[in-house]
Amino acid sequence: MSDQPVRILSAGTALPGPPLDTQALADRFGMDRLWRQWVDTFIGTRTRHLAIDLRTGRRRETLADLAAQAATEALEAAGLSAQDIDVLVLGTATPDALMPATVNTVAERLAIDGVPTFQLQSGCSGAVQAFDVATALLGSGRHRTALVLGGDVIAKHYDVTVDLRAVPPDELVNYLLFGDGAGAAILTTEDHPGAPEIRAVRTVLSGLDRPPGQILNWYGLADRSEPLTPASEDYKAIEELVPELAEEIAEELLEDLGWDRGDVSHLLPPQLSVTMTDRITRRLDFPLAKEISCVAETGNTGNALLFFQLQRLLDDTAAPWRALAVAIESSKWIKSGLALERSTTGGRPHP
């Protein structure tokens, strides 16, 4: 981190459509009671939001739609206008198109122009990677206020006519785990008493000699007829590696900061599913930390998850506190984390 403090002023989020419970999925795809019980027991997600009409498969909202909504909410919460933003960074695994970049579409929706924009292509660590880029740019002194965005619309890969009873497990999991959504945060180097400071950001590629744990395919005219699966997961590898990588990145952040586990008052764990989040949280073992989780209500919204967690964290106005967020990207295994601290005075905290 630079000597120039970077603070987070606000967070905003957006979800498409009404919440859909497991019964709604079962009704649409003709699944029986035992299947619903399996979802409740082994996944635990109660509701999720989809950017498509589950009945027709027609797209209702794009990632740009959701990201612009989240950005507007974050700007209003920070008491700023779009013209106060001098750099934008978006992390996503599912942009609306290869070009134009979705971040630029969002900027146009907000009437932002004449500033640098960056779009990072990544799975669930993409939001932390966006924070990493934004804090580096702000810390350089070249920019003062950044709009950081993250989100995913996985439902674009859904085939609502499919018989889920015939779908292999590596594809079936995508219908059960995921929801759509977007988030935004306002970062600044300007002095705002009481605004939490970003104390550390860390992103590390850990995929050498490890096969991908998740694959999303794009199609062009040359390969659209090939027998490619739009989305698939090696969920066994994910179950094994995500807790391990989460523990590694948490320990690296603590070492960087000189914090003990007992110093962390709020934990924002990876949000693959309710059951996996519980497993990871137990392994991370922060005995005094309040867990901030949203996956039971939103489903796994990929790069939007961190912003839903941050929004809940920022609502906790008690000070001081120290928070640690962890996210793991399973396509080629990126471990990432973010540390925030709110001091009693709003000044720079001491180690």
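The values are calculated or read from the model by the stated rules, or taken from the named source; none is laboratory data. Computed from a prediction, not measured in an experiment: that's the story for all the values here. Neighbour counts run over all protein chains shown; Cβ positions are idealised from the backbone, glycine included.
Scanning for something touching a His at 6+ places or on another chain (Cβ under 7 Å) and at pLDDT 95 or above, does the stretch 65-78 turn up at least one residue?
Of the stretch 65-78, the ones touching a His at 6+ places or on another chain (Cβ under 7 Å) are none.
No: zero hits.
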Given (1) touching a Gly at 6+ places or on another chain (Cβ under 9 Å); (2) surrounded by fewer than 22 Cβ atoms within 10 Å (Cβ to Cβ); (3) within 28 Å of Pro16 (Cα to Cα), identify the lone condition not met by Ile292. (1)
Could you identify the single residue in Glu240, Glu190, Glu248 that is surrounded by fewer than 19 Cβ atoms within 10 Å (Cβ to Cβ) and closer than 29 Å to Thr317 by Cβ? Glu190
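Pick out the one residue from Thr41, Thr56, Thr22 that is modelled with pLDDT under 90, touching a helix residue (DSSP H, G or I) at 6+ places or on another chain (Cβ under 6 Å), at negative phi and of a type outside the set (A, V, I, L, M, F, W, C). Before you say what the answer is, go through the steps one by one.
On the way: Thr41 fails: touching a helix residue (DSSP H, G or I) at 6+ places or on another chain (Cβ under 6 Å); Thr56 fails: touching a helix residue (DSSP H, G or I) at 6+ places or on another chain (Cβ under 6 Å).
Going through Thr41, Thr56, Thr22 in turn, just one is modelled with pLDDT under 90, touching a helix residue (DSSP H, G or I) at 6+ places or on another chain (Cβ under 6 Å), at negative phi and of a type outside the set (A, V, I, L, M, F, W, C): Thr22.
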Which one is nearest to Leu15 (Cα to Cα) among residues in the stretch 162-193 that are assigned to a strand (DSSP E or B), within 17 Å of the chain's Cα centre (by Cα) and modelled with pLDDT of 95 or more? Gly181
Identify, by number, the condition in (1) farther than 18 Å from Ile112 by Cβ; (2) surrounded by fewer than 20 Cβ atoms within 10 Å (Cβ to Cβ); (3) acidic (Asp, Glu) that Glu61 doesn't meet. (2)
Please enumerate the residues belonging to the stretch 82-131 that are out of contact with any Asp or Glu (no Cβ under 8 Å at 6 or more places or on another chain) and either in the same structural domain as Leu310 (by TED's automatic domain parsing) or assigned to a strand (DSSP E or B) (or both). Val87, Leu88, Val89, Leu90, Gly91, Thr117, Phe118, Gln119, Leu120, Gln121
Consider Ala231 carefully, then state whether it is under 20 Å from Lys332 (Cα atoms), modelled with pLDDT of 95 or more and out of contact with any Lys or Arg (no Cβ under 7 Å at 6 or more places or on another chain). no
Number of positions in the stretch 3-45 that are touching a Ser or Thr at 6+ places or on another chain (Cβ under 8 Å), assigned to a loop (DSSP other than H, G, I, E, B) and surrounded by 13 or more Cβ atoms within 10 Å (Cβ to Cβ): 7
Inside the stretch 140-160, can you point out the residues that are in contact (Cβ under 8 Å) with a residue 40 or more places away in the chain, surrounded by fewer than 24 Cβ atoms within 10 Å (Cβ to Cβ) and assigned to a loop (DSSP other than H, G, I, E, B)? Ser140, Gly141, His143, Arg144, Tyr158, Asp159, Val160
